[in-house]
Amino acid sequence: MSAKHIYLDNNSTTPTDPRVVDTMIPYFYEHPGNAASRTHPFGWKAEEAVDYARDQIANLIGADSKEIIFTSGATEADNLAIKGVYEMYSRKGNHIVTLQTEHKAVLDTCKKIEKSGGEVTYLSVGRNGLVDLDELRAAIKDSTILVSIMWANNETGVIQPMKEIGDICKEKGVLFMSDATQAVGKIPVNPKEVGVHLMAFTGHKMYGPKGVGALFVNRKNPRVKVTAQMDGGGHERGMRSGTLNVPGIVGFGKAAELAQQEMAADTERLIKMRDRLESSLMANLEEVYINGTVDSRMPHVTNLSFKHVEGEGLMMTFNNIAVSSGSACTSASLEPSYVLMALGLGDDLAHSSIRFSLGRFNTDEDVDFAIDALTKGVTHMRDLSPIWEMYKEGVDLESVEWSAH
Ligand SMILES: *Cc1c(COP(=O)(O)O)cnc(C)c1O
């Protein structure tokens, strides 16, 4: 019998829905056309399929299909939005406001912009993971052209107050961009309703294929433009050249349609499973903390810290459950997550965090299995830990002078 493997890392990527794969397959062979070929039926068929998918995706987010620019994923869409606005609106200013807890696709793009002469403000967040709206308002100045704030955080699932942020951007007359990769397809997301002008998202976080994503670019009031970052044949209304990934786009479209149809039912089921996972672990174990506010977060995510238990070590107590730990294992060093550090967690709690992200294909049995494995793993690690023993005996660990020789 093969070992059971349980996938609770859906924020990293989701499995592709089999119904999505089925719609893609004909576009690899039966319908091989290039959507830009205007002279024969193969091209027309491909173009028709892309148009259909564009409508499916636009429908999901309440946009016009002309406002959807296909890219290779959310990283490219983030780059196109931020660099594209920076170049297009350079005469208006050179300042961007973003958050310390953004995805690297946003943060590293902003760093590149700083190197090329731009100015970026990285706002901190509260312990709840939320932006402080007064700080945001105060950070916007005459030279500000863009505010980039993610819809939902990939590590904590915390959802930002999008409408309030949109209102501030409108009042100040600056563009509002959002990396909504973790939110689209999972919760209702409508950029126009909240005043988002540019929005990045991707297929593979919503049960679609990898390697295809989109940037929403608002076309009316205001008409937003971005400078292309990929030059060539002028595809995607000149904003993103390159032959379209027709099978990928078809799958992305189908994933959007399924998300729209099944969102309510998925959400209800996922909240129940997530809450049971969380409350069972908190009932079975002492000193378990939820990272980020529980009042505004995604239905399928919980990020928990198990005090004085090192996350990477804990993960080694079970090898058949896929989760993420707060310490990114970069080569030799174990750096705690910058997102959790930005929330103000100490080293101890940031190092002891585990992110559970459930998905459409998880079952109650998966949750049972995870509760059992985590309970045993944490108990085992604490049984072996002198630090935990001292902590339980009431030793003030802060005051201990650790001798190094
Ligand atoms: C996964 C992710 C990305 C990157 O998406 P790709 O399609 O893999 O490039 C960007 N932002 C957030 C918030 C993500 O979770």
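The values are calculated or read from the model by the stated rules, or taken from the named source; none is laboratory data. What you see is a predicted model, and the numbers here were worked out from it, not measured in a lab. No Cβ is skipped: glycine too gets one built from the backbone with ideal geometry, and neighbour counts run over all protein chains shown.
General observations
- Total residues in segment 103-124, condition of a type in the set (Ser, Thr, Tyr) and out of contact with any Leu (no Cβ under 9 Å at 6 or more places or on another chain): 3
- Test: residue in segment 319-331 that is modelled with pLDDT under 90, buried (at least 22 other Cβ atoms within 10 Å of the Cβ) and assigned to a loop (DSSP other than H, G, I, E, B): yes
- Picking from residues in segment 267-306 that are assigned to a loop (DSSP other than H, G, I, E, B) and crowded, with 17+ Cβ neighbours inside 10 Å, the one that is nearest to the chain's Cα centre (by Cα) is Met298.
- Residue that is nearest to the ligand (Cβ to nearest atom), among those in segment 171-196 that are of a type in the set (A, V, I, L, M) and assigned to a strand (DSSP E or B): Met177
- Positions within segment 238-255 being farther than 14 Å from His31 by Cα, touching a strand residue (DSSP E or B) at 6+ places or on another chain (Cβ under 8 Å) and part of a helix (DSSP H, G or I), in sequence order: Phe252
- Criterion applied to Met315, Met263 was being closer than 30 Å to Gly344 by Cβ and either aliphatic (A, V, I, L, M) or assigned to a loop (DSSP other than H, G, I, E, B) (or both), and the one residue passing it is Met315.
- Taken over segment 178-221, the criterion of being closer than 27 Å to Glu268 by Cβ and of a type in the set (S, T, N, Q) is satisfied by Ser178, Thr181, Gln182, Asn190, Thr202.
- Test: residue in segment 27-47 that is among the aromatic types (Phe, Trp, Tyr), outside any helix (DSSP H, G or I), surrounded by 15 or more Cβ atoms within 10 Å (Cβ to Cβ) and in contact (Cβ under 8 Å) with a residue 24 or more places away in the chain: no
- Residue in segment 217-231 that is modelled with pLDDT of 95 or more and not in a loop (DSSP other than H, G, I, E, B) present: yes
- Residue match in segment 105-112 (condition: under 26 Å from Ile249 (Cα atoms), of a type outside the set (Ser, Thr, Tyr) and in contact (Cβ under 8 Å) with a residue 12 or more places away in the chain): yes
- Residue within segment 26-42 that is closer than 30 Å to Arg355 by Cβ and either modelled with pLDDT of 95 or more or in contact with a helix residue (DSSP H, G or I) (Cβ under 8 Å, 6 or more places away or on another chain) (or both) present: no
- Restricting the search to helices (runs of 4 or more DSSP H) fully inside segment 68-149 and requiring at least 3 residues that are within 16 Å of the chain's Cα centre (by Cα) gives 74-88, 104-115.
- Positions within segment 167-190 being more than 17 Å from Val85 (Cα to Cα) and under 19 Å from the mean Cα position of the chain (by Cα), in sequence order: Ala180, Thr181, Gln182, Ala183, Val184, Gly185, Lys186, Ile187, Pro188, Val189, Asn190
- For segment 190-236, a tally of residues being in contact (Cβ under 8 Å) with a residue 60 or more places away in the chain, farther than 26 Å from Lys92 by Cα and surrounded by fewer than 24 Cβ atoms within 10 Å (Cβ to Cβ) returns 7.
- From the list Thr109, Thr14, Thr98, the one residue that fits, being touching an Asp or Glu at 6+ places or on another chain (Cβ under 9 Å) and of a type in the set (Val, Ile, Thr), is Thr109.
- On inspection, Met199 passes the criterion of being within 16 Å of the ligand (Cβ to nearest atom) and over 20 Å from Asp17 (Cα atoms).
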